[in-house]
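The values are calculated or read from the model by the stated rules, or taken from the named source; none is laboratory data. The structure displayed is predicted, hence computed values, not measured ones. Don't worry about glycine lacking a Cβ; one is built from the backbone with ideal geometry, like all the others, and counts go over all protein chains shown. The protein model used for the area step is the full one, side chains on, heavy atoms only, and it has no ligands, DNA or RNA in it. Shrake-Rupley method; radii C 1.70, N 1.55, O 1.52, S 1.80 Å.
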Amino acid sequence: MCLSLCALFVACAPPVKRIGAAPTPAQMAALWIDPGPAPRNLFNGPGGNNVPRPASDARYAVIERDTAGFSITCRVRDGSGREWNVKVGPEAQTEVVASRIVWALGYHQLPSYFVERWIAVDKAKGSMLGGARFRPHELGLKSVGEWSWQQNPLVGSLPYKGLLVLMMVLNSTDLKNQNNTLYEVEGEPRENATQWYVVKDLGATLGETGRMDPRRGYIDGFERERFIVGVDNGRVRFGFRGRHQELLANITVEDVRWACDRLRKVSDRQWADAFRAGNYSEDLTRRYIARIQQKITQGLELK
């Protein structure tokens, strides 16, 4: 039955193919740029010191709310008039950490911050709420819709396949296109690009993979689940149990080594800062980093 379901999901997926000719350097920069030798600050994240951080224990007026997805999301306004997109629930911490790690390798990401406690003010009534991911509403980016994992100008390139390997390292179980956004950069180019291909929703990470509501941010599952289970004719087989297995069909040893070589260059300080940004305890941080480094070693040792 399981094999039949797997075959059905793959059969229903669109074919994985590149759109157009080989990507130009400008097109490649829309997905990935070499971050350079200076380590990126993974505590401050993509916003750096230029984006005001949301305050803990502060009051935020709720403008609109959406309860349709896995997590509750809403748009709020702080006391200074700034608006924030907020996600509440088990994906709040994981999204902040995963976003930092993806950005560390040179993939474009949006500023995001974890707020441990905040007061949601709705119809003049304030309620103290627990941890949430806050993202600035105004980003200087214009969304022009979603982009497809299966069909885009970058399919087959090392950065594209390296991003999929990174998703496997993070146990990103939700590889659906509606989590991807293509942005036009307003004004001057940012990070050497005028367009950004962004994997925006990275909350379904750092836990189990699977099709039926796998647990996010679940360290025991993250430690237990296998990363690479073998190599067949140069193609790598992963322990990934989520949907869209077709995306992994042509990942090679070279692709895995490309991604893991870049992950190897992330410093101990950067790893610690990424998890500190998500408000993880020292014990959980240590366990997550240890498992990620095991995966990096396994990827580098592939032949």
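Odds and ends about this structure:
- Taken over segment 75-100, residues that are assigned to a loop (DSSP other than H, G, I, E, B), touching a Ser or Thr at 6+ places or on another chain (Cβ under 8 Å) and open to solvent by less than 50 Å² (accessible area, probe 1.4 Å) amount to 1.
- Candidate set from segment 101-128 (those that are of a type in the set (A, V, I, L, M, F, W, C) and out of contact with any Lys or Arg (no Cβ under 7 Å at 6 or more places or on another chain)); member that is most open to solvent (accessible area, probe 1.4 Å): ALA124
- In a residue-by-residue description of segment 245-262, the property of being over 27 Å from ALA13 (Cα atoms), under 19 Å from the mean Cα position of the chain (by Cα), open to solvent by 50 Å² or more (accessible area, probe 1.4 Å) and at pLDDT 95 or above applies to at least one position.
- Condition met for ARG133 (part of a loop (DSSP other than H, G, I, E, B) and either surrounded by 14 or more Cβ atoms within 10 Å (Cβ to Cβ) or not β-branched (Val, Ile, Thr) (or both)): no
- Which listed residue is surrounded by 13 or more Cβ atoms within 10 Å (Cβ to Cβ) and among the polar types (S, T, N, Q), from GLN294, GLN270: GLN270
- Where TYR218 falls short, out of the listed (1) without any contact (Cβ under 8 Å) to a residue 24 or more places away in the chain; (2) surrounded by 18 or more Cβ atoms within 10 Å (Cβ to Cβ); (3) hydroxyl-bearing (Ser, Thr, Tyr): (2)
- In segment 150-163, the residues that are closer than 18 Å to LEU263 by Cα, touching a helix residue (DSSP H, G or I) at 6+ places or on another chain (Cβ under 6 Å) and crowded, with 20+ Cβ neighbours inside 10 Å: LYS161, GLY162
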